[in-house]
Amino acid sequence: MVYQVYPRSFADSNGDGIGDLNGITAHLDYLKKLGVTVVWLSPHFDSPNVDNGYDIRDYRKVMAEFGTMADFDRMLAGMRARGIRLVIDLVVNHTSDQHAWFRDAVTGPGATHRDDYIWRPGKADGLPPNNATAFFGGSAWTKAGPGGDYYLHYFAPQQPDLNWDNPKVRQNVYDVMRFWLDKGVSGFRMDVIPLISKDQAFPDLTAAQLADTAATYAHGPHTHDYLREMNREVLSHYDTMTVGEAIGISDAEDGKFTAADRHELNMIFHFDASNVDRDGWRTKPWALPELKAIYDRLYGALGKDGWTATFLTNHDKPRAVSHFGDDAPRWRVASAKALATMSLMQRGTPFIYQGDELGMTNYPFTAIDQYNDISAKNLWHEQVEEGHVAPAEMLAALAKTSRDNSRTPMQWTAGKGAGFTQGVPWLAINPNHVTINAQAEESDAGSVLSYYRELIALRARMPVLVSGDYQDIDPGNRDIYAFTRKIGDDRLVVLINFSEHVVDYALPSTLRLKERLIDSVGAASAMAGAGHVALQPWQAAVYRYESQ
Ligand code: TEU
Ligand code: CA
């Protein structure tokens, strides 16, 4: 049961408005009580924070705002004492432009670290080496330093891509990994890992390739060679867990990263579910059967022995309840519980993003200056300031999709600063913390938090929920998500009402309910032996069943 901590927004221990490692240490009992067994910590390394830590200046140093190495060691010891393992973020497709390697590289051709990065001359007509675009807008190339060459950056210009074809670079990365593993961390979440290998010819991209740069950049020639080398040289020598952020990778390709006999990674994140309503930066309508089909395809591709990670959101996505549920006061609690049931009862390793266990919602953004995220700011610049999109249209899209929605501070209490900080928070706290907060939910048996604890405990005691077969028993239903999990005689059916009306749901004729294991509403919805269940709006329940 993995819990993602975004350190900047989790808990501020010293009143500077920025979450820190001591703040995490202070809340370890909360994580323990929730039932978390692994923490994934978003980057905690020294960084100028152009992209909130995903631009690393020194891989062996703790970000000053987050604390010291002694604080890190204390946090790790506190986790281990509670049986919680720590997985850290490995961001090695790129470094910060302030990293010592790049500062040397940029001094010109012939610099010691020049070939740690990717440099190419521009085209004769003053254009960059090719037409590749960066995820945060503009060209993926920036001209810098003497010699007039351009360097490659798939993200911001302040995030130059490392040259993985240089064996020295790979050895440096492996040394960084050993440094943290030797300290006692238990693995890595690997940032944009499919992007590390590049087609070094850098041909101009076609319009189709440019329309999906994630898929284009994710298919370099040597990615799997490098991952196998990393496994052989580093991972195989430690007891680790690895999860790759597989942007641009289809579910059919999952096994190339995760099949046990390939010795690469343990699991990867797929983004199809979180992109079900996305069309570039715009949103589009979605229906439940599309979401169900995504899970079905993934399990189909994985086969019986494949393994995956399931998640509803992370620090790059809107809040789960605002995205897939209904965050209006009337349905927020019910729909957050429904989504938790969907995610935590799936096959695979569940990842919970901080605050989701409270049913935290998107922030009510109304103006561009409320945003912190570089991707929102750059999009505004490219689309609105350049006159392509009306401000109101972009503001409406950003309010739904912005990464800042999930980055607002954790809501611990109803008080000023939400129990997150005694100072001025680095990003505004959602005003709804007066009702949505850990303290209030702690003492409420009907809260989202209480329900998460129940679900996690259920999963922990029932192996069928972890590794049992998954089958969607009603894929076309637009209101109800109904799936079974089974191993031998251990048979469970999960029923979730995604609609805002009561549904009298008839089970397949071969299936009879036996015993209710968990229920998000607590209403007596069906008796043993029943063949149908009246499901309240957004109600979710898990039953044992028997086959007739
Ligand atoms: O994310 C990769 C990535 O592609 C996303 O930023 C994507 O652009 C976004 O989800 C659009 O919705 C990883 C990190 O998770 C992210 O925070 C970093 O900004 C990015 O890599 C660069 O390191
Ligand atoms: Ca702080």
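Annotation note: of A428, A445, A438, A418, the sole residue that is open to solvent by less than 50 Å² (accessible area, probe 1.4 Å), assigned by TED's automatic domain parsing to the domain that holds N52 and over 23 Å from the mean Cα position of the chain (by Cα) is A418. For segment 214-267, a tally of residues being assigned to a loop (DSSP other than H, G, I, E, B) and aliphatic (A, V, I, L, M) returns 7.
Let's see how each residue does on (1) farther than 18 Å from F155 by Cα; (2) over 19 Å from the mean Cα position of the chain (by Cα); (3) within 16 Å of ligand 2 (Cβ to nearest atom):
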| position | (1), (2), (3) |
| --- | --- |
| S186 | yes, no, no |
| M190 | no, no, no |
| L210 | no, yes, no |
| A214 | no, no, no |
| T223 | yes, yes, no |
| R228 | yes, yes, no |
| N231 | yes, yes, no |
| M241 | yes, no, no |
| G244 | no, no, no |
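Please specify each residue of segment 1-35 satisfying the condition of being among the hydrophobic types (A, V, I, L, M, F, W, C), away from ligand 2 (no atom under 14 Å from the Cβ) and over 15 Å from M75 (Cα atoms). Selection gives M1, V2, L34. Entry remark, segment 372-401: residues being under 26 Å from the mean Cα position of the chain (by Cα), of a type in the set (V, I, T) and closer than 18 Å to T283 by Cα number 1 in total. The single residue among G67, G53 that is assigned by TED's automatic domain parsing to the domain that holds V448, away from ligand 1 (no atom under 16 Å from the Cβ) and at positive phi turns out to be G67. Inside segment 246-294, residues that are more than 16 Å from ligand 1 (Cβ to nearest atom), under 18 Å from the mean Cα position of the chain (by Cα) and more than 25 Å from V38 (Cα to Cα) make up a count of 2. Here L41 fulfils each of the conditions (1) under 21 Å from the mean Cα position of the chain (by Cα); (2) away from ligand 2 (no atom under 16 Å from the Cβ); (3) of a type in the set (A, V, I, L, M, F, W, C) apart from (2). Report yes if some residue within segment 104-119 is in contact (Cβ under 8 Å) with a residue 60 or more places away in the chain and either within 16 Å of ligand 2 (Cβ to nearest atom) or open to solvent by 10 Å² or more (accessible area, probe 1.4 Å) (or both); otherwise report no. No, the conditions are met nowhere in segment 104-119. On the basis of being over 24 Å from A457 (Cβ atoms) and within 14 Å of ligand 1 (Cβ to nearest atom), does S13 make the cut? So S13 fails the test.
In summary, E454 fulfils each of the numbered conditions (1) closer than 30 Å to R282 by Cα; (2) open to solvent by 30 Å² or more (accessible area, probe 1.4 Å); (3) in contact (Cβ under 8 Å) with a residue 24 or more places away in the chain with the single exception of condition (1). Note on segment 279-357: enclosed helices (runs of 4 or more DSSP H) holding 1 or more residues that are under 24 Å from I247 (Cβ atoms) and among the basic types (K, R) are 288-302. Within segment 513-536, the presence of at least one residue that is free of Cβ contacts under 8 Å to residues at least 60 places away in the same chain and within 16 Å of G325 (Cβ to Cβ) is confirmed.
Considering only residues that are among the aliphatic types (A, V, I, L, M), under 17 Å from V87 (Cα atoms) and touching a residue at least 60 places away in the same chain (Cβ under 8 Å), look in segment 1-34 and name the one that is most open to solvent (accessible area, probe 1.4 Å). That would be M1.
Quick grid of which residues meet (1) closer than 26 Å to W538 by Cα; (2) free of Cβ contacts under 8 Å to residues at least 60 places away in the same chain; (3) of a type in the set (A, V, I, L, M):
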position: H237; (1), (2), (3): no, yes, no
position: M241; (1), (2), (3): no, no, yes
position: G244; (1), (2), (3): no, yes, no
position: I247; (1), (2), (3): no, yes, yes
position: H263; (1), (2), (3): no, yes, no
position: F271; (1), (2), (3): yes, yes, no
position: K284; (1), (2), (3): yes, yes, no
position: M342; (1), (2), (3): yes, no, yes
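Those residues that are part of a helix (DSSP H, G or I) and crowded, with 18+ Cβ neighbours inside 10 Å, I need them from segment 366-383; list them, please. Hits for segment 366-383 are I374, S375, A376, L379, W380, Q383. Looking at segment 79-94, which of the residues that are on the phi < 0 side of the Ramachandran plot and open to solvent by 10 Å² or more (accessible area, probe 1.4 Å) is nearest to ligand 1 (Cβ to nearest atom)? Looking at residues that are on the phi < 0 side of the Ramachandran plot and open to solvent by 10 Å² or more (accessible area, probe 1.4 Å), I get R85. Taking the criterion of being of a type in the set (F, W, Y) and away from ligand 1 (no atom under 16 Å from the Cβ), would at least one residue in segment 23-45 satisfy it? Scanning segment 23-45, I find at least one residue that is of a type in the set (F, W, Y) and away from ligand 1 (no atom under 16 Å from the Cβ), so the answer is yes.
The values are calculated or read from the model by the stated rules, or taken from the named source; none is laboratory data. What you are looking at is a predicted structure, and each value in this text was computed from that prediction instead of being measured. Note that each Cβ is placed from the backbone with ideal geometry, even for glycine, and that neighbours are counted across all protein chains shown. Ligands, DNA and RNA are stripped out before the accessible areas are found, and what is left, the full protein with its side chains, is counted by its heavy atoms. Shrake-Rupley method; radii C 1.70, N 1.55, O 1.52, S 1.80 Å.
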